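Report on the structure given below.
The values are calculated or read from the model by the stated rules, or taken from the named source; none is laboratory data. Nothing here was measured: the structure is a model prediction, and the numbers come from that model. Cβ coordinates were reconstructed from backbone atoms using ideal geometry, including for glycine residues, and neighbour counts include every protein chain displayed. Keep in mind that these areas ignore ligands, DNA and RNA; they rest on the heavy atoms of the full protein, side chains included. Shrake-Rupley method; radii C 1.70, N 1.55, O 1.52, S 1.80 Å.
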Amino acid sequence: MSLTLTMPSSRKGGRAAPAFRRPPLVPVLAALAVALALAVLTAVATGGVSVPLDRSLSHLASLLGLPGTPLSERDWMVLTMLRLPRIVLAAAVGVTLGVAGVALQAVFRNPLADPGLVGVSSGAALAGSAAMVLGVSGLGLARSGLSLATVLPLAAFLGALAATVLILAISRRDGRNSPATMLLAGIAVNAMGGAGIGLFSYLGDDLALRQMTFWMMGGFGGSSWAQIGPAMLLMGLATAGLLAGARRLDLFAMGEREAFLQGLDPHRFAVRTVLLVALGVGAAVAVSGLIGFVGLIVPHVMRILLGPVHRRLMPATALAAAILLVLADTVARSIAAPADVPAGLLLGAVGGPFFLWLLRRRASALGGT
């Protein structure tokens, strides 16, 4: 089945406005891939300790047996043990949150749905806070041999899953999910999550409180290969599953009855999508803290450029979200060096006004209702 999407025409002066022509997908993906590569190269060369790009490339050439000069031991450690893990993590979290945002917007049939706005991230943060304050022994897992680094992504996943299922259950009426009720339920879940996080902050010791404070701001400082390994695996599985369901999201977006007539079980597919979103967002929150608006800003911009077809929208959103977070992290660790400003604060400063603009734009499109 193929979907043909046309833009509504508007008349001015008796003439129909020309329809906006969507650019081909392949050139857009190629341009985004080049932009991501440039963002990564910029991030590699930028930071409190300067490791110029030409020296990094010269070192790479020497490793490949080509003429080049190896980096000093200090620069090599900064590049491989400090800078590259956070760059890779920023890109992976961006991909995960961007794709999760697209999937949630399709399931809820609401372009304002976002893991941070509808309570998914809040549920993950609440469970992660409980894991940090109570510890492995406090959760009854002392004999399991699991470390906090392993338990934290699992706890965040369960918290994200519980929040998403709760919001779906509250917003469902007569077999359909009400977008307005979904947003209100998300606000309520966010409030409850915030209250729970505040309680754990009160109960935690000084070390747990400090850890939670920086974690809630959202960022990639202190990233290491050992720390991000399990979360990267979970994010990869979730993102691959969501991307594989892009064509079915197109069917689902047509309406549950139409999707069923095309051979898709809407309820089972929605549950599967929610599970994958919870898995990816939970893992992302576990290693990066609360980073909002990525799943809202990037899908909206890509939808304007490429249209609503998910098999076009999702891969473009994945690349664009990775670019956004890599650049945000680069700016965050550069503007106040050697201090490390949390990237989540920068994105909040940008995402808040964007969300208000989006609300105003939707109100205008609906005639002010």
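Tabulated values for the structure
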read-out	value
Selection count where residues are under 12 Å from the mean Cα position of the chain (by Cα) and not in a helix (DSSP H, G or I), scope region 265-295	5
Helices (runs of 4 or more DSSP H) contained entirely in region 43-117, each with at least 3 residues that are open to solvent by less than 10 Å² (accessible area, probe 1.4 Å)	84-108
Asp250, sole failed condition from (1) among the charged types (D, E, K, R); (2) at pLDDT 85 or above; (3) open to solvent by 80 Å² or more (accessible area, probe 1.4 Å)	(3)
Among the candidates Leu184, Leu207, Leu242, Leu237, residue that is hydrophobic (A, V, I, L, M, F, W, C), open to solvent by 40 Å² or more (accessible area, probe 1.4 Å) and at pLDDT 85 or above	Leu237
Region 214-231 - residue that is open to solvent by less than 60 Å² (accessible area, probe 1.4 Å) and in a helix (DSSP H, G or I) and, of those, nearest to Pro338 (Cα to Cα)	Trp215
Of all residues making up region 306-357, the number that are part of a loop (DSSP other than H, G, I, E, B) and not hydroxyl-bearing (Ser, Thr, Tyr)	12
Selection count, region 325-351, where residues are open to solvent by 50 Å² or more (accessible area, probe 1.4 Å), touching a residue at least 40 places away in the same chain (Cβ under 8 Å) and under 25 Å from Val99 (Cα atoms)	3
Scan of region 152-170 for residues that are closer than 23 Å to Ala226 by Cα, open to solvent by 10 Å² or more (accessible area, probe 1.4 Å) and aliphatic (A, V, I, L, M), ordered by number	Leu152, Leu154, Ala155, Leu158
